[in-house]
Each structure stands twice: as C-alpha cells, then as structure tokens.
Amino acid sequence: MHDAIPSAVVHALLSARSEVEAAFAGTRDADTALATAAATLDAALAAHGEDPLLLTALGAVACDRAQYAHAREVLQRALALGSDDRHAAFNLGVALLNTGRTAQARAAFEQARTMAASPSTWDAWFDPQAH
C-alpha cells in the first residue's frame, strides 16, 4: 500500500497510538487520551489528505470512543482508497457490529482474516463475548 510513509504521518500514528495505549493502561484519563489521539489524527488528515493508515487509526480510536457511525465512515473510506490492512477491515467489523449490522460485520471480519496487519495501525478494543 505505501512504499514510504511520510515522516509526519508516522509521527501522528505513533503519537496517537501512544495516547491509546496510555488510555488503556490507565496512565492517562481515557477520555482525554482518546480525544487527544483523535485530534492528532484529524490534524494529520487535514494536512496530508486521505491517507488510509491515518483513516484506519482514526477508525480504531472512534471505535474506542464508541463513535461507531463515524468509525464506519472513515474505515470504509480507508478500504475504498485501497487499504489492504487487516486492521481496517477488522475495525470496520467492530463498528458494524456495534451499529447492529451483524451480517456486514461478519463479512468484514472474514475479509480481515485474509489480510495482513500493518505494523503502523492497530485493532480497536473489542470484546467478542459482549455481543
């Protein structure tokens, strides 16, 4: 998908991921950390256009913030732009499942099983037992 990721995109991804990890580790207030991660990714998207890696990361953060409709939108854009990242499809499955689109979610999870994960992105938090 990407031969060379621009350094500003890499920086935004690393910064956002650090905030997400702090939120789940309990070292920062989760709402604040996730909001900071989303703002970082939004700013990078504004500066660098529709980058599938940034959209995938933003979709994960939106899922983690229970903003599933927004997550669905940005993850569908990442895949429409040609993302071959397992995280984009998996996170779309999480968003779809949480918006009551079970059949579409299953299809997204199946698609994710056939893809490789990018080391630059991550899965949204998901508890399969909760569904």
### Query
Is the shape of region 53-93 best called rounded, prolate or oblate, per the rule: a/c under 1.5 gives rounded, else a/b larger than b/c gives prolate, else oblate, with a ≥ b ≥ c the square roots of the Cα gyration tensor eigenvalues?
prolate
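Can you tell me how much longer the chain between T102 and I5 gets when fully stretched, taken as 0.36 nm per residue apart minus their C-alpha distance, in nm with one decimal?
31.5 nm
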### Query
Going toward the positive end of the dipole of the chain, with +1 on Lys and Arg Cβ and -1 on Asp and Glu Cβ, which of N91, S15, A44 do you reach last?
N91
#### Entry: Magnitude of the charge dipole, region 50-115, Cβ model with Lys/Arg +1 and Asp/Glu -1, debye to 20
280
### Task
At 1.4 Å probe size, with no ligands or nucleic acids counted, give the accessible surface of S18 in Å², nearest ten.
70
### Task
Please turn the phi angles of region 75-80 into ³J(HN,Hα) values with the Karplus equation 6.51 cos²θ - 1.76 cosθ + 1.60 (θ = phi - 60°), one per residue in order, whole Hz, x for glycine and proline.
6, 5, 5, 4, 5, 5
### Task
Once you have a ≥ b ≥ c as the square roots of the Cα gyration tensor eigenvalues for region 1-112, tell me rounded if a/c is under 1.5, and otherwise prolate or oblate according to whether a/b is larger than b/c.
oblate
## Note on the structure
If each K or R counts +1 and each D or E counts -1, the residues other than A44 whose Cβ falls under 12 Å of its Cβ total -3
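Taking the Cα centre as origin and putting +1 on Lys and Arg beta-carbons and -1 on Asp and Glu beta-carbons, what dipole magnitude results for region 16-131, to the nearest 20 debye? Write down the numbers at each step before the final one.
On the way: 9 positive and 14 negative charges, 65 e Å.
Computed about the Cα centre, the dipole is about 320 debye.
The values are calculated or read from the model by the stated rules, or taken from the named source; none is laboratory data. Everything quoted here is computed from the prediction, not taken from an experiment. All Cβ positions, glycine included, derive from the backbone under ideal geometry; neighbour counts span all protein chains shown. Heads up: the accessible areas ignore ligands, DNA and RNA and are worked out on the full protein's heavy atoms, side chains in. Shrake-Rupley method; radii C 1.70, N 1.55, O 1.52, S 1.80 Å.
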